[in-house]
Amino acid sequence: MDVTSMIQKVPSAQNRDRWIYLFSVLLLCLKISILYKWGFQISVQSFWEAILLEFTTLGSLLAIFSLGFLSKRHRTKIFFTIHLLLTAILYGNVLYYRFYIDFVTVPVLFQFKNVGGLSQSTLELIKFYDVFLFLDVILLFIMAKHRLFKQYSLSIPKKVGKTVIPFLIIVPILLSCFFHSGFWNQSYDKELIVKSLGLYYYHMFDIYQNSKSSMKSVLADGSEVKEIERYVKKKREHDPLSELHGVAKGKNVIVIFLESTQEFVMDREIDGQEITPFLNEFKKESLYFPNFYHQTAQGKTSDAEFILDNSLYPLSGGSVFVRRTNNHFVALPEILKQHQYYSASFHGNDAFFWNREIAYQTFGYDRFFSKEDYDVTEENSINYGLKDIDFFKQSLPYLSQLPEPYYAKFLTLTNHFPFLLDPEDQLISAPETEQNMVNRYFTTVRYEDEAIKNFFDDIKQSDIYDNSIFVLFGDHYGISKSYNDALGEVLGYQITPKDDMELQKVPLFIHIPGIKGQEVTTVGGQMDLRATILDLLGISEPEEALSFGKSLLTHDKNRFVAFRDGSFTTNKYSYIEHTCYSKKTGKKVKRNFCSPYFSDIQKELNYSDKVINGDLLRFLE
Ligand code: GP9
Ligand code: MN
């Protein structure tokens with residue numbers, strides 16, 4: 001390289017643009033590299049993987065910033081704007097990741113209000129040290145304004161500019177795609193994509209994936225349905241009828257979503273006081289499932305609702321409630337309608353939240369009792385809406401007027417991040433970890449337990465109780481991985497990756513008046529709820545439905561619970577972050593113990609995506 005050409009004079013404006021270009025790319029690259037490790041906890045397995053990630057990120061930045069050179073004027077302003085925009089995208093990801101341990105996807109932007117929007121939940125996630133993430137922006141601004149470095153001319157020989165920069169943009173990404181070729185098939189594993197492409201190429205890939213999936217429903221011709229049908233049939237083949245098949249025939253089905261309630265709260269005390277005194281007793285009179293997992297993703301409660309009603313996997317990006325309400329579905333309300341059931345959902349929040357008012361029409365609900373059906377005042381509401389105790393109180397008169405038999409779904413709300421409670425509703429003292437959010441969680445769960453107790457006290461006074469079965473379950477986690485240190489303090493052990501999966505257990509109770517309580521240890525997930533309810537009602541899955549769940553009351557040693565990111569658990573093994581663990585010993589074991597499940601799990605997640613993205617159920621009518 002001709003060094004003298006590096007120091008020859010170039011026109012001053014051009015010179016400033018080049019310095020800004022160089023610094024923008026390098027500063028942003030440095031910032032992201034730090035965040036890969038400390039902000040996003042990307043687990044790189046080897047030195048080469050780490051280097052590739054650095055270079056793909058550098059390449060993406062060079063590519064994006066190079067666009068500025070397409071303009072002949074205002075380049076400094078353009079570089080600065082790009083820098084600001086990329087920093088905003090980065091910070092958006094940092095905030096989202098802090099709670100959800102996940103990366104932003106295009107659909108998340110469309111459901112912005114539902115992931116906290118600009119509410120207290122978001123403010124809770126902002127930390128004072130975040131200002132450091134904007135230092136480079138200030139530095140660049142000063143550089144541009146005061147024309148720092150103007151005495152040093154930055155000249156890049158044409159040859160170098162034409163070869164080195166394109167080389168840096170293209171070669172690392174090609175190498176990385178080759179190195180991580182698996183991500184094409186596992187495009188639901190977002191950490192793997194970010195690891196393979198770097199954050200900014202990940203976002204481009206996500207935009208590409210989303211536009212592709214929108215096209216899928218236009219292009220689908222139904223030819224894929226047969227293969228999926230075969231798979232579903234085979235999965236259910238040889239399933240014996242459960243002993244409780246049809247035991248609840250014709251009864252009302254009352255489902256209660258326990259907001260953010262995880263299994264670890266059961267039978268646990270804080271300062272000698274039970275967190276869930278009612279539920280601890282209730283489980284003795286119910287079928288209780290201690291090995292039941294939530295399978296939700298970015299759609300949170302709406303995913304739990306979608307899974308329950310459709311027995312399909314949620315999308316890896318965004319919520320079906322928001323993205324796919326024009327599809328044809330064969331949801332639980334529709335199936336039950338064929339058996340003369342009326343369906344209603346009850347929720348003390350706005351009807352538009354999670355696009356419920358539209359989604360419920362798609363799924364066949366007859367009535368949605370939302371915020372406007374309740375008397376909501378400053379005193380009886382907190383956080384997202386009506387307090388649980390008032391919610392149940394005000395819902396009962398509506399419930400008793402529904403035509404029987406009915407399927408009624410209650411969505412509780414008070415135990416929602418950031419777990420706010422008025423002092424008069426705090427029924428136990430909070431633990432005293434350094435994370436207030438974690439401490440508050442236990443008090444809102446205790447409040448929720450009280451609300452459920454009141455509901456059952458009231459309902460037992462009416463004849464609804466004897467004519468109904470009750471299904472109560474946690475919709476998703478409340479305490480995300482980010483708070484593991486504080487949570488570990490309360491639970492009394494240090495949380496490791498394998499514990500993370502066990503912490504995704506949520507309590508499930510099926511209470512059938514007249515049937516003795518027992519613990520059912522089957523390993524299952526929310527995907528299995530619909531099959532279990534239909535099993536109890538003595539109704540079989542309709543021919544025109546494609547669903548992947550299995551009744552939790554039938555025995556099957558090949559069961560697995562697959563999660564949206566491709567991890568899974570069985571009665572013996574758990575597969576987490578590409579590592580196989582024995583559940584008995586908690587130790588890593590050889591991959592071959594987990595590998596027999598790989599193919600079915602990948603198939604199921606892909607088939608489910610195909611059903612949703614291709615709107616395939618319309619071909620089965
Ligand atoms: C709000 C309720 C809670 O209406 O569904 O939403 P979440 O954040 O848990 O999905
Ligand atoms: Mn929820």
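The values are calculated or read from the model by the stated rules, or taken from the named source; none is laboratory data. The model shown is predicted, which means the values in this text are computed figures rather than measured ones. Glycine gets a Cβ as well: all are built from the backbone with ideal geometry, and neighbour counts include every protein chain shown. For the accessible areas, the whole protein counts, side chains as well, though only heavy atoms, and no ligand, DNA or RNA atoms are used. Shrake-Rupley method; radii C 1.70, N 1.55, O 1.52, S 1.80 Å.
Applying the condition of being closer than 23 Å to SER608 by Cβ and open to solvent by 30 Å² or more (accessible area, probe 1.4 Å) to the stretch 339-361 and asking which residue is farthest from the chain's Cα centre (by Cα) yields GLN361.
In the stretch 376-395, the residues that are assigned to a loop (DSSP other than H, G, I, E, B) form Cβ pairs under 7 Å with partners that are small (Gly, Ala, Ser) and modelled with pLDDT of 95 or more, at six or more places apart or across chains, as follows: VAL376/GLY348; LYS387/SER381. If the condition is being within 16 Å of ligand 1 (Cβ to nearest atom), open to solvent by less than 10 Å² (accessible area, probe 1.4 Å) and not small (Gly, Ala, Ser), then the stretch 296-319 contributes GLN298, ASP303, GLU305, PHE306, ILE307, LEU308, ASP309, PRO314, LEU315. Could you check how many residues of the stretch 64-97 are over 25 Å from the mean Cα position of the chain (by Cα) and among the β-branched types (Val, Ile, Thr)? So the count comes out to 5. Selection of the stretch 408-437 for residues being within 16 Å of ligand 1 (Cβ to nearest atom) and within 28 Å of TYR365 (Cβ to Cβ) yields LYS409, PHE410, LEU411, THR412, LEU413, THR414, ASN415, HIS416, PHE417. Each residue in the stretch 532-542 was checked for being farther than 15 Å from VAL611 by Cβ and surrounded by fewer than 20 Cβ atoms within 10 Å (Cβ to Cβ), and 3 of them qualify. For SER217, the conditions (1) modelled with pLDDT under 85; (2) surrounded by fewer than 12 Cβ atoms within 10 Å (Cβ to Cβ) are fulfilled apart from (2). Would a scan of the stretch 146-156 turn up a residue that is under 27 Å from ILE34 (Cα atoms), under 34 Å from the mean Cα position of the chain (by Cα), assigned by TED's automatic domain parsing to the domain that holds TRP38 and not acidic (Asp, Glu)? No, there is no match, as no residue in the stretch 146-156 is under 27 Å from ILE34 (Cα atoms), under 34 Å from the mean Cα position of the chain (by Cα), assigned by TED's automatic domain parsing to the domain that holds TRP38 and not acidic (Asp, Glu). Residues that are in a loop (DSSP other than H, G, I, E, B) and more than 10 Å from ligand 1 (Cβ to nearest atom) within the stretch 346-375 comprise GLY364, TYR365, ASP366, TYR374, ASP375, listed in sequence order. Being more than 18 Å from GLY524 (Cα to Cα), in the same structural domain as GLU305 (by TED's automatic domain parsing) and open to solvent by less than 30 Å² (accessible area, probe 1.4 Å) is the requirement here; does ASN484 meet it? Yes, satisfied.
Within the stretch 574-593, the set of residues being in contact (Cβ under 8 Å) with a residue 24 or more places away in the chain, in contact with a strand residue (DSSP E or B) (Cβ under 8 Å, 6 or more places away or on another chain) and closer than 23 Å to ASN606 by Cα comprises SER574, THR579. In the stretch 234-262, the residues that are within 30 Å of SER395 (Cα to Cα) reach residues that are of a type in the set (Phe, Trp, Tyr) and within 16 Å of ligand 2 (Cβ to nearest atom) with C-beta atoms within less than 6 angstrom, at least six apart or across chains, in these pairs: ILE256/PHE410; GLN262/TYR477.
Scanning the stretch 438-481 for residues that are touching a helix residue (DSSP H, G or I) at 6+ places or on another chain (Cβ under 6 Å), within 16 Å of ligand 1 (Cβ to nearest atom) and either open to solvent by 10 Å² or more (accessible area, probe 1.4 Å) or not acidic (Asp, Glu) (or both) yields a count of 7. Within the stretch 252-295, the set of residues being within 16 Å of ligand 1 (Cβ to nearest atom) and of a type outside the set (A, V, I, L, M) comprises PHE257, GLU259, SER260, THR261, GLN262, HIS294, GLN295. Taken residue by residue, the stretch 498-515 has at least one member that is assigned by TED's automatic domain parsing to the domain that holds GLN394, more than 16 Å from ligand 1 (Cβ to nearest atom), closer than 30 Å to LYS251 by Cβ and surrounded by fewer than 16 Cβ atoms within 10 Å (Cβ to Cβ).
Are any residues in the stretch 298-327 outside any helix (DSSP H, G or I), modelled with pLDDT of 95 or more and within 16 Å of ligand 2 (Cβ to nearest atom), and if so, which ones? Within the stretch 298-327, PRO314 is the sole residue that qualifies.
Looking at the stretch 402-418, can you tell me whether even one residue there is basic (Lys, Arg) and within 16 Å of ligand 2 (Cβ to nearest atom)? The answer is yes; a qualifying residue exists. Within the stretch 265-272, is even one residue within 16 Å of ligand 2 (Cβ to nearest atom) and either buried (at least 21 other Cβ atoms within 10 Å of the Cβ) or modelled with pLDDT of 95 or more (or both)? Within the stretch 265-272, one or more residues are within 16 Å of ligand 2 (Cβ to nearest atom) and either buried (at least 21 other Cβ atoms within 10 Å of the Cβ) or modelled with pLDDT of 95 or more (or both). Kindly check whether there is at least one residue in the stretch 410-417 that is surrounded by fewer than 21 Cβ atoms within 10 Å (Cβ to Cβ) and in the same structural domain as SER343 (by TED's automatic domain parsing). So far as the stretch 410-417 goes, no, none of its residues is surrounded by fewer than 21 Cβ atoms within 10 Å (Cβ to Cβ) and in the same structural domain as SER343 (by TED's automatic domain parsing).
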